[in-house]
Amino acid sequence: MRNRALILGVTALAIAVTGMAAPSFAARDKMTPEQRAERMIKRLDTNSDSKVSLDEFQARMTTNFKTFDTNGDGQISADEMKAKRQAFRDARKAWHEAKGKDGKERDAALAQLREARPAMVPGMRPKAFKRVDTDGNGSLSAAEVASASEKMFKRRDKNGDGVIDAADFSKKV
C-alpha cells in the first residue's frame, strides 16, 4: 500500500512539473497575433509614438527595396527576388546545422541568417510578384512597390485613422 501511494505521488508530481513547463515551451514557439503586431509596430515606428504612419511604412519599403535590388538598376527582377529567397533558405539550413554547436561556427551561422533574412517587400512570392508588376515587364520598379505598399498599409489600417497601431489589431475593429 505504501509503495502504491509513493508511486502515485511521484507520478502526480511528474505530471504537475511537466504541466508547468509545457506552457513556457509553447509560448516560445509561436507568437500571438498581438505579439506579432507589437513587434511589427516597434520595428517600423521610427519616431517612437507607438504608431506607424504611411511615411514610416514607405520609408521602410524603400530601404527594403534597395536590399533586393542587388545590381542597383532601380528594378527588382524575378531572378533577384528568387536569389534572395534562396540565400535565406541556405542560411536557415546552415543555422539549423550549427544550432547545436558552440563558438564561432554557431555565431557565424546566426550572423549569416540575420543578414540573409529577406526584408518584407510587396511581391516576394511569385504570384504576388506578378500582381505587383503592373506594367508586366518582369521586374518591380520602386513606384510599383510603393503603390503596392500603400495598398498594404491601407489594408492593415483597419480603423482607417491613417496610422497602424495596436487598435488595428484588436478584434473589435
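The values are calculated or read from the model by the stated rules, or taken from the named source; none is laboratory data. Keep in mind that this is a model prediction, so the values were computed, not measured. Neighbour counts are summed over all protein chains in view; Cβ atoms, including those assigned to glycine, are modelled from backbone coordinates with ideal geometry.
Miscellaneous remarks
- Of all residues in the range 147-165 being touching a helix residue (DSSP H, G or I) at 6+ places or on another chain (Cβ under 6 Å) and among the small types (G, A, S), the one that is surrounded by the most Cβ atoms within 10 Å (Cβ to Cβ): S149
- Residue count for the range 41-85 satisfying the condition of being polar (S, T, N, Q) and either free of Cβ contacts under 8 Å to residues at least 12 places away in the same chain or in a loop (DSSP other than H, G, I, E, B) (or both): 6.
- Those helices (runs of 4 or more DSSP H) of the range 86-173 in which at least 2 residues are touching a Pro at 6+ places or on another chain (Cβ under 9 Å) and closer than 27 Å to S53 by Cβ, considering only elements entirely within it, cover 126-132, 142-156.
- Qualifying residue in the range 121-128 (condition: surrounded by 13 or more Cβ atoms within 10 Å (Cβ to Cβ), of a type in the set (A, V, I, L, M), out of contact with any Asp or Glu (no Cβ under 7 Å at 6 or more places or on another chain) and over 30 Å from D161 (Cβ atoms)): no
- Checked against the criteria, F57 counts as closer than 24 Å to T46 by Cβ, among the hydrophobic types (A, V, I, L, M, F, W, C) and within 20 Å of the chain's Cα centre (by Cα).
- Taking the criterion of being of a type in the set (D, E, K, R) and at pLDDT below 85, the residues of the range 17-75 that qualify are R28, D29, K30, E34, R36.
- Test result for D135, in contact with a helix residue (DSSP H, G or I) (Cβ under 9 Å, 6 or more places away or on another chain) and either surrounded by fewer than 14 Cβ atoms within 10 Å (Cβ to Cβ) or of a type in the set (S, T, Y) (or both): yes
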